[in-house]
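The values are calculated or read from the model by the stated rules, or taken from the named source; none is laboratory data. Here the structure is a predicted model, which is why all the values come from computation and not from measurement. Don't worry about glycine lacking a Cβ; one is built from the backbone with ideal geometry, like all the others, and counts go over all protein chains shown. These area figures cover heavy atoms from the full protein model, side chains too; ligands, DNA and RNA do not enter into them. Shrake-Rupley method; radii C 1.70, N 1.55, O 1.52, S 1.80 Å.
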Amino acid sequence: MDKASVTRRYHFSAAHRLHTDRLSEEENWKVFGKCNNPNGHGHNYTLFVTVQGDIDARSGRVVEFDTLDRIVRQTVLERFDHQDLNHDPAFAAWTTTGENLVILIWDLLLAQLPPGRLKKIGLIETRDNYFEYAGPAAQLTGAAQSSHG
Ligand code: NI
């Protein structure tokens, strides 16, 4: 059976402040720049969710969009849209960076989708910032490749 992947795009707006007590005030500013501003700020995030699977012989589809949209809406969008990410319990000990956000969204959706379906999470934070996560297995593959290179 043929396999393919499908990517759906979603939007949410959220506030955050990049700051960690593990770094000094100077280091926080050096690492996070304007995102360390004490007053916080917002982003209009664009989220890409890529799922993979067999193409259904009857529908020609890998996934029902309505089903995926409902899962993403209930699991991610309703949780983060118009919220302060720094107040989300999942970020109690993590900075609200794009890197940490794609991993959290991956974990949240992985728990809601059948095994092997989720392929990649992409997240545009600003015009010039794009983050991506494809699970711990993808990380291991990358590490193995680089160690042989
Ligand atoms: Ni920011």
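Would you say His43 is more than 13 Å from the chain's Cα centre (by Cα), loosely packed, with under 14 Cβ neighbours inside 10 Å, at pLDDT 95 or above and closer than 19 Å to Glu125 by Cα? So His43 fails the test.
Of all residues in segment 84-123, those satisfying the criterion of being more than 28 Å from Val6 (Cα to Cα) and either assigned to a strand (DSSP E or B) or open to solvent by less than 20 Å² (accessible area, probe 1.4 Å) (or both) are Asp84, Asp88, Phe91.
Taking Asp21, is it more than 12 Å from the ligand (Cβ to nearest atom), over 17 Å from Thr97 (Cβ atoms) and loosely packed, with under 15 Cβ neighbours inside 10 Å? No, not satisfied.
Can you name the residue in segment 1-18 that is over 23 Å from Asp107 (Cβ atoms) and open to solvent by 60 Å² or more (accessible area, probe 1.4 Å) and is also nearest to the ligand (Cβ to nearest atom) among such residues?
The qualifying residue nearest to the ligand (Cβ to nearest atom) is Lys3.
Of all residues in segment 124-136, those that are touching a residue at least 60 places away in the same chain (Cβ under 8 Å) and in a strand (DSSP E or B) have Cβ atoms under 6 Å from Cβ atoms of residues that are more than 12 Å from the ligand (Cβ to nearest atom) and open to solvent by 50 Å² or more (accessible area, probe 1.4 Å), 6 or more apart or on another chain, in Ile124/Tyr130.
Could you list all residues from segment 24-54 that are of a type in the set (A, V, I, L, M, F, W, C) and either within 16 Å of the ligand (Cβ to nearest atom) or in a helix (DSSP H, G or I) (or both)? Once the filter is applied, which keeps residues that are of a type in the set (A, V, I, L, M, F, W, C) and either within 16 Å of the ligand (Cβ to nearest atom) or in a helix (DSSP H, G or I) (or both), segment 24-54 yields Trp29, Val31, Phe32, Cys35, Leu47.
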